[in-house]
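Data first, discussion second: the structure below is written as structure tokens.
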Amino acid sequence: MVLLEFSGPSEAPPAGAQGKLSVRVRGSTERLAVEVRNASPEIIQLPRGNVERVTTSGGERNAAEIEAKFLTSGDYTLTARLIPTDSGLPISKRRARSWLPLARRRRETGPRAPIA
């Protein structure tokens, strides 16, 4: 089980200010793909729109920083979720290596026949 938590500026930034937000992963030291959604576009703006995909650093801190522009002062809401690695995003080398034996067996035996 992992926990995703946000942190941002300790003081309310003035309108028009640039800042950084951080999403941190607790419970894993692996690099993870995270999707951040902005539910307050009238207050805060993310560089790529209201959905931002980031990869955490891995390691003990295991976090990712997100640039943000504060359009007005006020409370804002962001949500985060893990993105399954089956989505085509990078996976860890250790996990990729664990799949090699299966890939080798499939190469030797050929693809499985579809189930009718």
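Once Rg and the Kirkwood radius are both taken over the C-alpha atoms of segment 3-108, their ratio Rg/Rh works out to 1.12. Would you calculate, for the chain, the mean residue ellipticity at 222 nm contributed by helices, counting each DSSP H stretch of 4 or more residues as -39,500 (n - 2.57) and dividing by all residues, to the nearest 500? So the calculated ellipticity at 222 nm is -5000 deg cm²/dmol.
Rounded to the nearest 20 Debye, what is the dipole magnitude of the chain about its Cα centre when Lys and Arg each give +1 and Asp and Glu each give -1 at the C-beta? Please report the intermediate quantities before stating the final value.
Numbers: 19 positive and 12 negative charges, 217 e Å.
It works out to roughly 1040 debye.
Distance between the modelled labels on SER40 and GLN18, one decimal in nanometres: 2.1 nm (7 Å Cα→Cβ projection).
Each of LEU78, THR109, SER22 was placed along the dipole of the chain (beta-carbon charges, centred on the mean Cα), and the one lying farthest toward the positive end is THR109. Per residue, the average separation of C-alpha pairs within less than 8 Å and at least 6 apart gives segment 1-99 a relative contact order of 33 percent. Model label sites at SER10 and SER28, defined 7 Å from Cα along the beta-carbon direction, differ in position by 3.0 nm. Along the chain, counting only GluC sites (Glu not before Pro) with a DSSP assignment other than H, G, I, E or B and at most 16 other Cβ atoms inside a 10 Å radius, the longest segment between sites is 61-116.
Rounded to the nearest 10 degrees, the inclination of helix 93-109 to the longest alpha-carbon principal axis of the chain is 30 degrees.
Label separation (LEU102 vs ARG81): 2.3 nm, computed from points 7 Å beyond Cα along the C-beta direction.
Since every read-out is calculated from the coordinates, none of them should be taken as a lab result. It should be emphasised that the depicted structure is a prediction, and the values quoted were computed from it without experimental measurement. Ideal geometry is used to build each Cβ from the backbone, glycine not excepted, and the neighbour counts take in all protein chains shown.
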